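Everything on this sheet refers to the single structure shown next.
The values are calculated or read from the model by the stated rules, or taken from the named source; none is laboratory data. Quick caveat, the model's predicted, so the values are computed rather than measured. Note that we place each Cβ from the backbone using ideal geometry, even for glycine, and neighbour counts take in every protein chain shown.
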Amino acid sequence: MTATQQTSTLPTHRYTLVVDLDRCNGCGSCATACAVENNIPPAPERSNVRTGVVWLRVHDVATVDPSGRSTFVPIPCQQCDEPPCVDVCPQRAVEYDPRTGIVGQIPVRCLGCRYCMVACPYHTRSFNWWSPEWPEGMKASLNPDVSIRQRGVVEKCNFCVQRLQAARAKTSAAGKTDIDPADYVPACVEACPSRALSFGDANDADGEVAKLAKDPESFRLLAALGTSPKVLYRSSDPVVRERLSRTGVTRG
Amino acid sequence: MKLPALVSFTAGLVPALAAGWLLFPRLIYKTEAQPLPFNHKVHAEQGMACGDCHAVAEDGRFAGMPTTESCAGCHAEKGENPAVNALVERYVEPGVEIPWLSNARQPDNAYFPHAAHVTGEKVACARCHGPHGESTAVRPVQVNRLSGYPRDIWGPSISRLRREEWQGMKMSDCIACHRAGGRESACIDCHK
């Protein structure tokens, strides 16, 4: 039996995040939970919207709706099935995992060329312009399951893969082979008070995420680029759907 | 190459190699003593398995070093053995943890689930840790002064020639085993 054949017998998943824009009130809990879970240091005073490190940004897109009403759009890494960042990385520091669909970023491998940041049409990648620093005493509250990144490397959302690792370890300890979906929930999904975020395996046909993905109200940002993101958005407003899927949003 | 040139080249090369292969390893690693002596062999002869003290928790996390409480299960009181007396006096009675030093601590960005290997795949502890359970004394830990990693990550031999299968815990050692078993996967399976 070859290596490929044996690997293919392992369970495969397509982890997908669905964001319901009708439910999102822009509170920013997801972004805060993400920063705490993933040891993102507080931004230094000299940083700005371009130079700070953010894995999940909640954009206030007032211009989307002609009535002037705000639409809040939380944008983490879109976890593309056809990720442009993987193609451009000269270090193989970004990698598409066929078993989970997660686009994994390995900061220690990164040389800081930032090609991936240029290639990413969603602006979800951050460069560490400064060494990470925490206020006195806050280091004790860091998450030991996530390694901190040094100055000079790029980082992004990994769909809280450390929680998948923990779920797998728990599964192995129990003598099982596949994880319980309830054990793998990213921090942003867990934190959302209005339950605008749903997370799960799109390969599970009976799961909530697979059903939401088929819904006509679901769409992808910049769908025409063919990056096939595994972060889907939903809105009951056809104008929001049409404009966001066509233009996406830009930073700032 | 003329003879004088060869002589002077060799005269430079030999000390340089000697410094690199013999002196540098002594300089780069500092040796730190363990807080207590410990005889693994004596414990193993009582019928104890590795997992009796180095346990995998129910949620799959590996506890690593045993707690003072687990030692106190058998060694609650002083006896004739000076090592046991030191354990009871310094750690059991005050109720503090023993600051054991690890020979196998991986870098911060590496994630190694013991549950997946030991419980799931039934890999023997000795596959990576060697015949540690047969040792009569705990080794002092050699720590790389630059990286802070213990020497066992690289393995005892700087050249990595003629090493035992279990010696060395570098990424290439992990990959070799995974490749042999057809278990190659994503970077983020083992990195955090």
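Which of the residues belonging to segment B:64-109 are part of a helix (DSSP H, G or I) and either of a type outside the set (A, V, I, L, M) or at positive phi (or both)?
B:Thr68, B:Glu69, B:Ser70, B:Cys71, B:Pro82, B:Asn85, B:Glu89, B:Arg90, B:Tyr91
Of these, A:Val189, A:Val146, A:Val161, which one is more than 16 Å from A:Gln78 (Cα to Cα) and hydrophobic (A, V, I, L, M, F, W, C)?
A:Val146
Would you check which residues across segment B:87-111 are more than 26 Å from B:Arg151 (Cβ to Cβ) and surrounded by fewer than 16 Cβ atoms within 10 Å (Cβ to Cβ) and list them?
Correct list: B:Glu89, B:Arg90, B:Glu93, B:Pro94, B:Gly95, B:Val96.
Quick check, is B:Lys41 surrounded by 10 or more Cβ atoms within 10 Å (Cβ to Cβ) and farther than 26 Å from B:Arg160 by Cα?
So B:Lys41 fits the description; yes.
Kindly provide the set of residues from segment B:11-63 that are among the aromatic types (Phe, Trp, Tyr) and assigned to a strand (DSSP E or B), ordered by number.
Listed by number, the residues that qualify are B:Tyr29, B:Phe62.
Just give me the residues in segment B:137-165 being under 26 Å from A:Ile106 (Cβ atoms) and without any contact (Cβ under 8 Å) to a residue 60 or more places away in the chain, in sequence order.
The answer is B:Ser147, B:Gly148, B:Tyr149, B:Pro150, B:Asp152, B:Ile153, B:Trp154, B:Gly155, B:Arg160.
Test of understanding: among A:Val146, A:Val161, A:Val154, A:Val209, which residue is more than 10 Å from every other protein chain (Cβ to nearest Cβ) and in contact with a helix residue (DSSP H, G or I) (Cβ under 8 Å, 6 or more places away or on another chain)?
Residue meeting the stated conditions: A:Val154.
Might you let me know whether segment A:216-235 holds any residue that is surrounded by fewer than 20 Cβ atoms within 10 Å (Cβ to Cβ) and free of Cβ contacts under 8 Å to residues at least 12 places away in the same chain?
Yes: one or more hits.
Among (1) at pLDDT below 95; (2) within 14 Å of chain B (Cβ to nearest Cβ), where does A:Asp22 come up short?
Exception for A:Asp22: condition (2).
Would you pick out the residues in segment A:183-227 that are in contact with a Cys (Cβ under 6 Å, 6 or more places away or on another chain), in a loop (DSSP other than H, G, I, E, B) and not β-branched (Val, Ile, Thr)?
Listed by number, the residues that qualify are A:Pro186, A:Cys192, A:Ala196.
Filter segment B:134-145 for residues that are surrounded by fewer than 16 Cβ atoms within 10 Å (Cβ to Cβ) and out of contact with any Ser or Thr (no Cβ under 8 Å at 6 or more places or on another chain); which is nearest to the other protein chains (Cβ to nearest Cβ)?
The extreme case among them is B:Asn144.
So which of B:Ala19, B:Ala76 ends up being within 25 Å of B:Pro150 (Cβ to Cβ), small (Gly, Ala, Ser) and more than 23 Å from the chain's Cα centre (by Cα)?
B:Ala19
Can you tell me which residue in segment B:151-182 is farthest from the chain's Cα centre (by Cα), limited to those that are in a loop (DSSP other than H, G, I, E, B) and surrounded by 16 or more Cβ atoms within 10 Å (Cβ to Cβ)?
Only one residue tops the list, namely B:Gly182.
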